[in-house]
Structures are given as structure tokens and as C-alpha cells.
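What follows is a short report on a single structure.
The values are calculated or read from the model by the stated rules, or taken from the named source; none is laboratory data. Fair warning: this is a prediction, and the values are worked out from it, not measured in the lab. Don't worry about glycine lacking a Cβ; one is built from the backbone with ideal geometry, like all the others, and counts go over all protein chains shown.
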């Protein structure tokens, strides 16, 4: 029997996150294991008078691609993929991994090459989103694989996910609108910021943000949500940072990542585990060594590390920087085939100063 919380989540996604309207063309992506949520979203879209279409993905196909594809096949992107990006009004993605380590042994060079081939599609998607020509959101369907990564039982992980989504609230959409209002207050305060100075364990980093836009992430593009981000001036990042949690991407965990920046560029990078993979990702393209995003995690309902970026980058009291592509809506000009979020925990002994004013101390926002 389908968990009733799935129906509530589907309604929040369709009516709040992307606000589906009659005649919208809505792309829904997911995997068979996430069918309860995918189908609930599909039905809600139909009920709103829109036009849904499904793209069902098989995780094993990615593994086969990197094992057997030639360079020409890795470089090939069907022309209709761009047509889809040009025509859709809404995109709803449902992450549904049943083996989060499936690509652990895939060749990083092939993964990087594939990302580079798809970059024009990704860039166009971001451009249309920045212009409000399409709405998009990404969420997660709880699986045993996600639960194991988070070191929880499936039941515990389900409770964690739906709790973070606020489906237990009498009126979840009203609850998210309240969060949006409070985050907008902080976002407005940051509008005049020029310099950000992050200080923490093995971390002393400065970056410039004058003229860049701060974005209130309140449940529209990620769900659940809870962050406020911008795109730093590309050549302004200087100093060093040590990431508290493993940086997880493409089925790999890169542990104890440390980056040194000079004039915006990563000039030195080390890791205690999977350092070679980290270095190869930094060589993906010119933009991979620059920061596309700087963000404050503001969801204090998420307090534990799960090895899943959807949740970990939102942990209240943390910051994260993404190396690679920035979001045009923030003013970022950095382009790359990768966008890799890495989280730094400031809840114990960390602080952030904005133009010299203490903004965050030990994970608590003070303004």
C-alpha cells in the first residue's frame, strides 16, 4: 500500500514547487523503483489540466554507457534532447537510486567527457530557468540505498525525508510559504553585501559578491529546500577551505577535501580518499577550478549528514561552495560541465563575516 505521505509530497511539488497550470508541458523523470511518487505526480499534473510525459531511467544503463561507449558515443547527444529543453514548461525530477555506488569504478575521464558533451543542454536549461521560461524541481524517493548511505533503516529514512519535506504539517504549503518569508528577510539583508569571510577549522576564505544576486531557495527548485546562495565574482575567491563531510558525486565519496584558491582558481587540492578522482574532475574544463556557487544552509530541521547532496547542502549552520557551473540567475558567469557541491560545517567553531559584520557564529545566523 502506498505511503499516504507520497500523495502529500506530490501535491506540494505540483502546486507549490512548480505551480503547474493548464496546458503546461511537464517532463517527469524517475526510475521504476520510484513509481509511487512518479505516478502520484503524473496524476496530479493531469488533474491540473497539464500535459505530462515520462522519461523513465534505468541506473544500469549509465554503468553500461561508461563501460562500453566509444568516445564518439560519449560525445553524442540526440538533437531532440535540446528540443525537449526548448519546449517544456516544467521539469520534475525524482531521484531513485537503488545502488548509489554503481558508478564508483567508472572511468572518471569518460564521466567528465560525457558531462562536457551534455554541457550545452545543461547551460540552455539554466538559461531558460533564469528567464523564468521554465520551472523545475528535484526531489527524492526513499530507497534502501539512500537509507544505507545515511546509516538509517528504510523506515527511519522515510521519516527523515518526509519530515524534512514538512508533509506532517496541517498545511504544508502554508508552512513552506512561512519559511520563504523568513529566508527572504535574510536574503534582503545580504543584498548589499560585498565581501564574505569564512573562518573555521582549517578554513580561512574570502570572496567578493558585489553586484551578484542572492537567491532564496524555499522549496521551488529543490525539495526539500533551505538555502540562500549567490554566484561569487569569479576571480575573487582567495584562501583555503577544508570540507567537513565527504564530497559525494558519481557514486564516489571524496573524503577530507581541502582546496586552496588564488584569484578565484583552485591552485591546490588534496583529499584523504579518492584524491585522483578529485583532481581529474578539476581538469574537466576551464570552469571546473572556479566557484559557481556560495551558499548558506538554512534548514535547521536537517542536522545530520546523509551522503546525499539534496539534504546535506541544506543543513542549517553549514555553508557550501560548488566548483564548476554557476546559476545565471545569481549573476554567475562561470560555465563548466560539472557543478559539485561541497559542504563545510560551521556549527562548532566557525563563523562568517559579511563586510566585517558577524553574520553567522557556530552555525547560527545572527542578523
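Tally the residues that are exposed (fewer than 11 other Cβ atoms within 10 Å of the Cβ) and either over 24 Å from residue 104 (Cα atoms) or not assigned by TED's automatic domain parsing to the domain that holds residue 15 (or both), restricting the search to the range 49-86.
Number of matching residues: 4.
Of (1) modelled with pLDDT of 95 or more; (2) in the same structural domain as residue 311 (by TED's automatic domain parsing), residue 252 satisfies all except one. Which?
Unmet for residue 252, out of (1) modelled with pLDDT of 95 or more; (2) in the same structural domain as residue 311 (by TED's automatic domain parsing): (1).
Kindly provide the set of residues from the range 326-344 that are crowded, with 23+ Cβ neighbours inside 10 Å and either at pLDDT 95 or above or under 20 Å from residue 297 (Cβ atoms) (or both), ordered by number.
326, 332, 334, 340, 342, 343 - these are the residues of the range 326-344 that are crowded, with 23+ Cβ neighbours inside 10 Å and either at pLDDT 95 or above or under 20 Å from residue 297 (Cβ atoms) (or both).
Select the strands (runs of 3 or more DSSP E) contained entirely in the range 255-327, then report the ones holding at least 2 residues which are farther than 19 Å from residue 95 by Cβ and touching a residue at least 40 places away in the same chain (Cβ under 8 Å).
258-262, 291-297, 318-324
So, of the residues in the range 104-113 that are touching a helix residue (DSSP H, G or I) at 6+ places or on another chain (Cβ under 6 Å) and in contact (Cβ under 8 Å) with a residue 60 or more places away in the chain, which turns out to be farthest from residue 36 (Cα to Cα)?
108
For the range 75-98, which residues satisfy the criterion of being under 21 Å from residue 29 (Cα atoms) and either part of a helix (DSSP H, G or I) or free of Cβ contacts under 8 Å to residues at least 12 places away in the same chain (or both)?
Residues satisfying the conditions are 78, 79, 80, 81, 82, 83, 84, 85, 86, 87.
Give just the number: which of (1) within 30 Å of residue 157 (Cβ to Cβ); (2) out of contact with any helix residue (DSSP H, G or I) (no Cβ under 8 Å at 6 or more places or on another chain); (3) surrounded by 17 or more Cβ atoms within 10 Å (Cβ to Cβ) does residue 137 not satisfy?
If we test residue 137 against (1) within 30 Å of residue 157 (Cβ to Cβ); (2) out of contact with any helix residue (DSSP H, G or I) (no Cβ under 8 Å at 6 or more places or on another chain); (3) surrounded by 17 or more Cβ atoms within 10 Å (Cβ to Cβ), just (2) comes out false.
In this structure, is residue 131 within 30 Å of residue 278 (Cβ to Cβ) and surrounded by fewer than 20 Cβ atoms within 10 Å (Cβ to Cβ)?
No: the conditions fail for residue 131.
Answer yes or no: is there a residue in the range 122-132 that is more than 24 Å from residue 315 (Cα to Cα) and free of Cβ contacts under 8 Å to residues at least 12 places away in the same chain.
Looking through the range 122-132, at least one residue is more than 24 Å from residue 315 (Cα to Cα) and free of Cβ contacts under 8 Å to residues at least 12 places away in the same chain.
Of all residues being out of contact with any helix residue (DSSP H, G or I) (no Cβ under 9 Å at 6 or more places or on another chain) and farther than 30 Å from residue 104 by Cβ in the range 18-41, which is surrounded by the fewest Cβ atoms within 10 Å (Cβ to Cβ)? Just the residue, please.
22
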